[in-house]
Amino acid sequence: MNNLRQITTLRAAAVISSTIIGVGILSFPRYMALAGNSSAPFIAFSGVVLSFLSYWLLASLCQRFPKESLFVFSRRLIGRPLATVFTAVILILFITLTGITTRQFGDVATTVLYKKTPIEATIFLMLLVSLLSSRRNVVKFSYIHFFYLPLIVGSIVLTILISLKSVDLLNLQPILMSPTLEFWNGAREASYLFQSSFVITLLIPFMEKPKHAFRAGALAIIMSGAIYVLIVIASVGMFGAEETKLLIYPTLEMARSAAFGEGFLERLDAIFIIIWVISVYTTVYTTYYISAYLMQNLFALRDQSMAASILLPLIFALAMLPPNVFEAYEWILHLGNAGMVLMIGYPLLLWMAYFIRRAGKEASS
């Protein structure tokens with residue numbers, strides 16, 4: 001195992017961060033504006049805080065079993081049958097999430113990039129690339145994310161900084177709102193973007209310093225959370241809350257409106273959409289990889305490559321189910337609700353089992 005511990009804390013953070021920054025970045029400001037008007041940045045920030053607390057609950061548990069993944073030590077804590085049921089539910093969640101994320105990518109790609117290309121072709125190509133990438137081991141998986149992250153973050157931050165000079169501060173006032181039901185719904189929806197930080201459960205057994213797992217996730221959530229909040233500030237500040245609500249992809253419109261140096265650098269949407277495609281790939285790659293890993297462990301398949309191949313037609317079929325882009329977003333909301341219950345409830349159950357077993361050992365000794 002020591003020979004396999006090659007993933008550094010920084011590389012683990014890169015995996016989590018590049019997974020979080022994905023398909024939702026284009027429409028995120030719209031849904032934050034719908035939830036809180038000019039208070040959209042505050043709601044986005046609250047969602048980051050919620051996801052941070054959820055991640056702490058999961059990572060702090062996994063750090064107590066640094067040599068095993070969640071799906072291994074959970075069998076000892078709650079028994080193999082119950083652990084198998086939860087693993088199967090998590091597998092279904094990530095298979096569906098991969099399919100709907102890919103569908104969202106296909107909707108944008110056929111609307112913005114390839115207007116005459118069938119959506120089935122764009123979805124299949126993204127899944128095929130993810131399938132081929134999923135044949136690599138966890139260490140190589142982390143290197144791919146580490147390679148792409150600077151390109152993704154650097155390009156997005158540059159676009160945001162250029163756009164900020166067009167922000168009207170009046171559009172961002174008032175920045176605060178009372179914690180109403182709409183506020184908490186918006187914060188909850190914002191936290192859905194961070195649920196893929198679940199990938200840390202796969203990385204810990206291969207990290208050089210497993211006790212730094214929480215530090216890696218915290219760094220990733222802070223960095224990606226800051227990007228999401230800045231995107232909301234730039235979009236709402238540039239267009240105003242009411243206009244942002246009418247735009248399907250406010251971030252893309254923000255990139256189109258950005259200009260630098262009296263026309264020297266303008267219409268950044270072409271560059272931005274390329275970076276967006278890469279960020280979607282890293283997100284789909286992670287959810288596909290988790291699905292293949294879970295299927296291999298659940299059904300005791302020979303290797304992960306076989307599991308990844310089996311998943312391709314299933315995920316493709318799921319991606320084609322929603323009739324339109326708005327229905328696909330409704331699916332994402334339902335998946336987010338289910339994921340929040342699972343990602344909080346399951347670790348809490350394991351924590352209870354852990355303390356009960358530890359108390360029993362102390363009492364017997």
Going through segment 1-82, which trypsin sites (Lys or Arg not before Pro) have at most 12 other Cβ atoms within 10 Å and a DSSP loop state?
67
Max mean-square fluctuation residue, GNM over the chain, Cα-Cα springs under 10 Å, options 243, 189, 253
243
Take the chain, connect every pair of alpha-carbon atoms lying under 10 Å apart with a spring to form a Gaussian network, then pick out the residue of 172, 348, 58 with the largest mean-square fluctuation.
348
Anything over 25 Å Cα to Cα? Flag those among 165/245; 115/140; 115/165; 67/140, in the order listed.
115/140; 115/165
Per principal axis, descending, Cα span of the chain in whole Å:
72, 46, 38
Per-residue HN-Hα couplings for segment 117-125 [Karplus 6.51, -1.76, 1.60; θ = phi - 60°; Hz; x = Gly/Pro]
8, x, 4, 4, 5, 5, 5, 5, 5
If N is the residue count of segment 61-105, its Cα Rg over 2.2 N^0.38 Å rounds to 1.45
With only helices counted (DSSP H, runs n ≥ 4, each -39500 (n - 2.57)), the per-residue ellipticity at 222 nm for the chain, to the nearest 500, works out to -24500 deg cm²/dmol
Cross-link candidates for residue 209: which aspartates and glutamates have Cα within less than 12 Å, leaving aside residues fewer than 8 places away along the same chain?
none
With all protein chains present and a 1.4 Å probe, the order of 256, 136 from largest accessible area down is 136, 256
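The values are calculated or read from the model by the stated rules, or taken from the named source; none is laboratory data. Keep in mind the model is a prediction, meaning the values are calculated, not measured. All Cβ positions, even for glycine, are placed from backbone atoms using ideal geometry, and neighbour counts span all protein chains on display. The protein model used for the area step is the full one, side chains on, heavy atoms only, and it has no ligands, DNA or RNA in it. Shrake-Rupley method; radii C 1.70, N 1.55, O 1.52, S 1.80 Å.
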